[in-house]
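First up is the structure itself, then whatever we jot down about it.
The values are calculated or read from the model by the stated rules, or taken from the named source; none is laboratory data. Computed from a predicted structure; not experimentally measured. Using ideal geometry, Cβ is built from the backbone for each residue, glycine included, and neighbour counts are taken over all protein chains shown. These accessible areas exclude ligands, DNA and RNA; they are computed on the full protein's heavy atoms, side chains included. Shrake-Rupley method; radii C 1.70, N 1.55, O 1.52, S 1.80 Å.
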Amino acid sequence: MKKIAILSGDGIGPEVMVQALKVLNAISQIYGTEFKFFDALIGGAAWDEYRDHFPDETRRICNEADAILFGSVGGPVGSDEEKWRNCEVNSILALRKAFNFNVNLRPVKTHEDLPCVLKDPGDVDILCVRELAGGIYFGTHEINDGVARDVMEYSSSEIESISRVAFEFAMKRAKKVTSIDKANVLACGRLWREVVTRVAKDFPDVEYEHMLVDNAAMQIMKNPSRFDTLLMPNMFGDIISDELSVLAGSLGMLPSASINTEGFGLYEPSGGSAQDIAGKDIANPIGMILSGAMMLRYSFNMDKEYEAIMKAVDSALRDGYRTADIADGKVVSTSVMGDVIAKAISNF
Ligand code: IPM
Ligand code: MG
């Protein structure tokens with residue numbers, strides 16, 4: 001029996017989470033795997049109850065779980081309500097820090113049934129490996145007397161750890177790593193390059209290259225299919241993964257896995273709380289559903305259950321089901337998309 005902490009959070013988080021749970025329940029029925037779900041509050045939803053974005057009770061539930069499924073957090077863009085002030089930093093970033101989730105995996109694929117804004121993206125299969133527990137997001141952030149300061153810091157060991165993960169994944173893929181930095185300006189970038197070069201020596205079968213982030217942002221759109229595994233510091237991985245979502249059709253399609261060195265994981269869609277469309281039953285639940293699939297694979301080693309979800313999502317898309325963000329076929333609601341995918345599980 002697997003215990004899963006369910007942190008639905010804010011905005012579209014709860015409605016897409018419901019769809020992921022439908023799909024996991026379908027898996028449970030067909031494969032006989034037993035899941036037990038434990039709801040916990042996070043973000044603005046936790047603030048309403050505890051005046052705390054990441055309450056102790058949530059921490060306890062996460063501690064006792066075998067994995068965490070996470071929806072999204074945060075309020076309307078630009079809101080200065082106390083509830084939303086520092087909400088992301090105090091909830092999802094604090095959670096990443098609390099469990100030291102330093103590895104963030106964001107797979108991106110073009111889908112033959114989905115149109116892409118690029119004319120001819122080719123066959124894209126990219127794995128973003130983003131460092132998630134360090135860098136500028138975790139340095140001090142302050143504004144004093146009209147001067148703002150954000151500190152970026154990386155140690156060799158942090159860089160080495162994420163680099164090894166990227167090269168190990170590349171070994172199981174097309175054996176190509178592109179490490180992205182800003183070594184022409186930042187000291188962190190220079191150290192990043194030095195450490196990656198050292199780690200690469202242990203993986204002679206992997207072809208690797210360094211690329212400056214500004215150039216990478218351009219090359220990825222120009223010729224996305226030349227890339228395989230992208231190794232990135234926290235901030236660049238955040239930005240480049242949003243850029244890559246265009247190739248998958250929509251940010252709502254992208255799942256992610258955040259894993260620590262003990263193998264404990266948190267699974268969340270790569271996109272945010274999308275408050276502008278929240279509560280309307282129009283959000284795309286696929287990124288959340290695929291995050292559940294990644295949980296089965298990376299936390300529970302349930303490969304055939306993982307495959308069943310991947311195939312169920314593909315079949316829903318092949319049959320023309322579309323949420324509004326990827327619409328060119330039958331536009332369906334969040335909940336219908338969840339139903340269609342959950343029902344398709346029994347075919348695989
Ligand atoms: C992501 C999100 C978060 C991040 C935000 C919500 C803090 O954009 O997971 O990509 O920047 O890491
Ligand atoms: Mg982001």
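So, with a 1.4 angstrom probe, what is the percent of accessible area on the chain that is carbon and sulfur?
Carbon and sulfur: 49 percent of the exposed surface of the chain.
For the chain, what is the accessible area per residue in Å² when the probe is 1.4 Å?
44 Å²
Which whole number of Å³ per residue matches the convex hull of the alpha-carbon atoms in the range 1-116?
142 Å³
I need the Kirkwood Rh of the chain: take the reciprocal of the average 1/r across all distinct C-alpha pairs and report it in angstrom.
Roughly 20.6 Å, rounded to one decimal.
Which entries in the list LYS22/LYS304; LYS97/LYS201; LYS172/LYS222; LYS3/LYS311; LYS2/LYS311; LYS175/LYS222 go over 28 Å, if you measure between the two C-alpha atoms of each?
LYS97/LYS201
What percentage of all Cα-Cα pairs in the range 133-269 are separated by more than 22 Å?
42 percent
So what is the relative contact order for the range 116-248, in percent, with contacts set as C-alpha pairs under 8 Å and at least six apart?
40 percent
Using only the Cα atoms, work out Rg/Rh for the range 42-87, with Rh taken as the Kirkwood radius, to two decimals.
1.03
Counting only DSSP beta bridges with both residues in the range 116-248, what percent are antiparallel, rounded to the nearest 5?
So the antiparallel bridges in the range 116-248 amount to around 25 percent.
Enter the accessible area of TYR321 (Å², nearest 10), with the probe set to 1.4 Å and all protein chains included.
Only protein atoms counted, so the area is about 60 Å².
Using packing as a proxy for protection, rank 199-207, 276-284 so that the peptide with the highest average count of other Cβ atoms within 10 Å comes first.
Ranking, from highest mean packing down: 276-284, 199-207.
What percent antiparallel are the DSSP beta bridges of the chain, to the nearest 5?
Roughly 40 percent of the beta bridges in the chain run antiparallel, per DSSP.
Report the local net charge at THR58: Lys and Arg +1, Asp and Glu -1, summed over other residues whose C-beta lies under 12 Å from its C-beta.
Net of charged neighbours comes to -4.
Normalise the Debye intensity by I(0) for the range 67-223, one equal point scatterer per Cα, no solvent, then take log10 at q = 0.08, 0.11, 0.13, 0.18 Å⁻¹ and round to two decimals.
Log10 of I(q)/I(0), two decimals: -0.31, -0.59, -0.81, -1.29.
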